[in-house]
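A quick write-up on the structure given underneath.
All of the numbers you see were taken from the coordinates with simple rules; none came from a lab. Only a predicted model underlies this, so the values are computations on that prediction, with no experimental measurement involved. Ideal geometry is used to build each Cβ from the backbone, glycine not excepted, and the neighbour counts take in all protein chains shown.
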């Protein structure tokens, strides 16, 4: 029985492309969870951000939007960026990464869970047979040089990997704390045989690991990790890695459970957090009603879990188990999963499962 009373302010950043489509379905499911847990109240405030906002105002991330995220209890983001909207030096606008850095959201958490065996290109894995989480360091690594403006007429361009002791310690600690709540195993993914920064990352990892004697560890080079994810993803529980490696391997891992439409994420710091699907803005299908909203709905569940109140956790559990119930039927599949269920129909299926499931 839920006894606490909680009210939370949620910043909504629908963003670009399919972002508004999938955020709408996540809000639908959040509202259904509130109906089941009357002691939980969510107040939404929508803020502009993204490439579309740049076309309107000349700024993809207005200061008012940053402040809205800062004062909110949590932020739910759709998707940002459009391939044709770039800075003069060639890179896309990525306000979602700006937010991570501004709010120091160092822990990129990417759960990978197989809800239905038909979703996976791999044979032999039943629902739940793939269940891992990637911890991606979000604020440094290869991304540290992303603001550099290359001379496109020069003979070379150089990116710098930045790995700090503080940044590595805190992402490793987050991974070990997570493992203690799961199957007590952490795999470090690096390239310590070649890159000095990765040898440093491994050294700090080893120091943190010594503080968690109850958690088993592996150390795997990133190229081998890609192979092992395809050959035997069940060997992994919690994986921790540098920013770029996490960016790449989280997409690979998502492909094992149905694609980016099934991959939620949270960007979490000590004071703030942003939750969003791992996928991009997919402008080619925006507004067509065929995008998969499950990743965003699951991101909303992660958001409630992070908020931490008793009633928020109950609501998070309702959403998670509603998704499991809906996805156990292979007929409940959007176009990316080989089905014909539309975006709003999928949202309605999860909404109904939330409203009908027992507390």
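At 222 nm, what helix-only mean residue ellipticity would the chain give, in deg cm²/dmol to the nearest 500, using -39500 (n - 2.57) for each DSSP H run of four or more? Intermediate results must be reported in sequence, preceding the final value.
On the way: 11 runs with 143 residues, N = 359.
Calculated from helices alone, the mean residue ellipticity at 222 nm is -12500 deg cm²/dmol.
I need to check one value: relative contact order of the stretch 48-199, counting alpha carbon pairs closer than 8 Å and at least 6 residues apart, in percent. Could the numbers behind the result be given before it?
On the way: 163 pairs, mean separation 22.2, N = 152.
Here the relative contact order equals 15 percent.
At 10 °C and 1.306 mPa s, grab the translational diffusion coefficient of the stretch 1-47 from Stokes-Einstein with a Kirkwood Rh over Cα pairs, rounded to a whole number in µm² per second. Mind showing how you got there, number by number?
Numbers: Rh = 11.7 Å.
Rounded, D is 136 µm²/s.
Averaging sequence separations of C-alpha pairs under 8 Å and six or more residues apart, then dividing by the length of the chain, give the relative contact order as a whole percent. Can you show the working numbers first?
On the way: 775 pairs, mean separation 86.3, N = 359.
Value for the chain: 24 percent.
Expressed as a fraction of 2.2 N^0.38 Å, the rule-of-thumb size for a compact globular protein of N residues, what is the C-alpha radius of gyration of the chain?
Numbers: Rg = 19.9 Å, N = 359, 2.2 N^0.38 = 20.6 Å.
This ratio for the chain stands at 0.97.
As a footprinting exposure proxy, order 324, 191, 231 by other Cβ within 10 Å, with the fewest listed first.
Working: 324 15, 191 19, 231 9.
Arranged by neighbour count, lowest to highest, 324, 191, 231 become 231, 324, 191.
Please compute the modelled spin-label separation between residue 331 and residue 195, points set 7 Å along Cα→Cβ, answer in nm with one decimal.
4.8 nm
Under a plain spin-label model, where a point goes 7 Å from the Cα along Cα-to-Cβ, how far apart in nm are residue 35 and residue 71?
3.1 nm
Over its Cα atoms, what ratio of radius of gyration to 2.2 N^0.38 Å does the stretch 65-199 give?
Working: Rg = 18.5 Å, N = 135, 2.2 N^0.38 = 14.2 Å.
Working it through for the stretch 65-199, the quotient is 1.30.
Quick check: convex hull of the Cα atoms in the stretch 1-88, volume per residue, rounded to a whole Å³? Working shown, then result.
Numbers: hull volume 7.8 nm³, N = 88.
So the per-residue Cα hull volume is 88 Å³.
What is the extension gain from residue 206 to residue 46, computed as 0.36 nm multiplied by their sequence separation minus the C-alpha to C-alpha distance, in nm to one decimal? Mind dumping the intermediate values first?
On the way: separation 160, 0.36 × 160 = 57.60 nm, distance 4.25 nm.
Extra length available between residue 206 and residue 46 comes to 53.3 nm.
How big, on average over all directions, is the shadow cast by the Cα convex hull of the stretch 144-262, in nm²? Write down the numbers at each step before the final one.
On the way: hull surface 36.6 nm².
Seen from a random direction, the Cα hull of the stretch 144-262 projects 9.1 nm² on average.
Within 10 Å of each residue's Cβ, count the other Cβ atoms and sort 89, 306 from fewest upward. Can you show the working numbers first?
Details: 89 11, 306 17.
In order of increasing Cβ crowding within 10 Å: 89, 306.
Among bridges DSSP assigns within the chain, what percent are antiparallel (round to 5)? Show your work: numbers first, answer last.
Working: 17 of 45 bridges.
Of the beta bridges lying entirely in the chain, close to 40 percent run antiparallel.
If I take the Cα coordinates of the stretch 56-131 and project them onto the principal axes, what are the three extents in Å, biggest first?
Result, largest extent first: 50, 33, 21 Å.
Whole Å is fine, so just give me how far the alpha carbon centre of the stretch 315-343 lies from that of the stretch 188-226.
Cα centroid to Cα centroid, the span is 35 Å.
Using only the Cα atoms, work out Rg/Rh for the stretch 249-338, with Rh taken as the Kirkwood radius, to two decimals.
So for the stretch 249-338, dividing Rg by the Kirkwood Rh gives 0.99.
Quickly work out the residue 234-to-residue 63 label distance, labels modelled 7 Å from Cα along the C-beta direction, and quote it in nm with one decimal.
In this crude spin-label approximation the distance works out to 5.5 nm.
So between residue 118 and residue 342, what do we pick up on full extension, going 0.36 nm a residue minus the alpha carbon distance? Spell out each step's value before the answer.
Values: separation 224, 0.36 × 224 = 80.64 nm, distance 1.82 nm.
The span from residue 118 to residue 342 would gain 78.8 nm if fully extended.
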